[in-house]
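Q: Take this structure first; my questions come after.
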Amino acid sequence: MPQKRLIPITLLTGYLGAGKTTLINHVLSNQEGYKVAVIVNDIGEVNIDADLISRGGAVTLEDDNLVPLSNGCICCTLKVDLMNQITDLIKTGKFDYILIEASGICEPLPIAQSIAVLEGRDGRTKPICRLDNIVTVVDALRMATEFGCGDSLLRGDIDEEDIENLLIQQIEFCSTIVLNKTDKVEQGQLDEVKAMIRTLQPKARIIEASYGKLPVADILDTHCYDFEQVVTSAGWAAAYESGVHDDDDDDDDHDEHEHHEHDEDHEHEEHHDQHDHAHHHHHDHDHDHGEAEEYGIGTFVYYRRRPFNRSRFADWAGEWPRAVIRCKGMLWFSDDTETAFVFEQAGIQVTATASGKWFACAPESERKRLLKQYPDIAADWDEKYGDREIKLVFIGKDMDKKSIIEGLDSCLDD
């Protein structure tokens, strides 16, 4: 009897705002015959990336091929959940490939170790899958503008809790690096970033991309991942194994909002970048998360049922708090109450882009159909405002949450 085919898995990692969701949507739109299931992990209580992917039309919650894992990380608190979801998806027999988008602050090694159990590497579990590729998405623009083209990742005094340490782990433990947003940097900057990456990870493939566009064959069914090879392929590990060292240094080491389409790959409208959208409604919450504590990263959701005054918000956003690493969500303005805007910030990139109309503005018959299609929106429908809302997820290091909330509240229309 022929052996049953092991379901291949691609794990997508990368820091906040690098372009993982844009890349995964590109892959899903060009599956080339694969029946792909997607597991999306976002560190906050609002899983915006899962919503973005499902509304993008590539996968749907109704078909059970999109599994959101929220309020935790699949490299620590949700490891068991991840293994159970992989097992359940394979048991359905509907899918021949699984894509996993990890949270921006995930460490890839613990995730790979969890999947290794399902590969039968523990000697006790019957293998049901194989980890085909670990892809780390690196934001070339952010590396150039915030991390000195990578120089800050190579300094010798990086603390265990520094963001740089997380970036290093994501670059070191992978089989493929997608160097994204290469069109946003000068060639000299790009060369410096690539040199930094090669210092940290000399063996992984580096694929340059803009807007997350690349051949699907570079992501799916590559057979390029090997645990032992990846473990020993980091720059420091390779030098250690080969005995090479410096005696003087002694160093070991988009979504579619609703019934109107919206171009997921459109970036930098004016000075803007990618689009995210969520419709799961939560009020202000602090987020308790293992890696968040380790790296000093926290998250909270700013939620209001009043619109921003556009001018006030523009002034506030012009002095963006440096402690905020990432912000994404939905908002509306008092001078245009029909249009839903997708907001996103990552580093120096700030986006506020129109993304169709709110459900509340649709004709009654169309509105009823949409609310039936999206019960989560119907459940949180406001009698006065419908689905209009401001909902922004903030992720940052040592953020002054009180000051940010007060600043945003001052932007609300009178």
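Q: Based on the inverse mean of 1/r over its pairs of different Cα atoms, what is the Kirkwood hydrodynamic radius of segment 101-211, in Å? Mind showing how you got there, number by number?
A: Working: mean 1/r = 0.0665 Å⁻¹.
Taking every pair of different Cα atoms in segment 101-211, averaging 1/r and inverting gives 15.0 Å.
Q: In square angstrom, rounded to the nearest 10, how much accessible surface does R306 have for a 1.4 Å probe?
A: Roll a 1.4 Å probe over it and R306 shows about 100 Å².
Q: So how much slack lies between S152 and K35, counting 0.36 nm per residue of separation and subtracting their Cα-Cα distance, in nm? Before the final figure, lay out each step's value.
A: Working: separation 117, 0.36 × 117 = 42.12 nm, distance 4.09 nm.
Stretched out fully, the S152 to K35 stretch lengthens by 38.0 nm.
Q: Further question: Let me cross-check W316: its accessible surface, 1.4 Å probe, with only protein heavy atoms counted, in Å² to the nearest 10?
A: Ignoring ligands and nucleic acids, W316 comes out at about 50 Å².
Q: If I histogram all Cα-Cα distances within segment 63-144 using bins 5 Å wide from 0, what percent of pairs lands in each bin?
A: Taking all Cα pairs of segment 63-144, the binned fractions are 3, 13, 24, 24, 19, 10, 4, 3, 1, 0 percent.
Q: Report, please, the projected area of segment 291-414 averaged over directions, based on the convex hull of its C-alpha atoms, in nm². Can you show the working numbers first?
A: Numbers: hull surface 33.9 nm².
The directionally averaged projection comes out at 8.5 nm².
The values are calculated or read from the model by the stated rules, or taken from the named source; none is laboratory data. For clarity, every value in this text was computed on a predicted model and none was experimentally measured. Areas reflect the complete protein model, heavy atoms only, side chains present, ligands, DNA and RNA absent. Shrake-Rupley method; radii C 1.70, N 1.55, O 1.52, S 1.80 Å.
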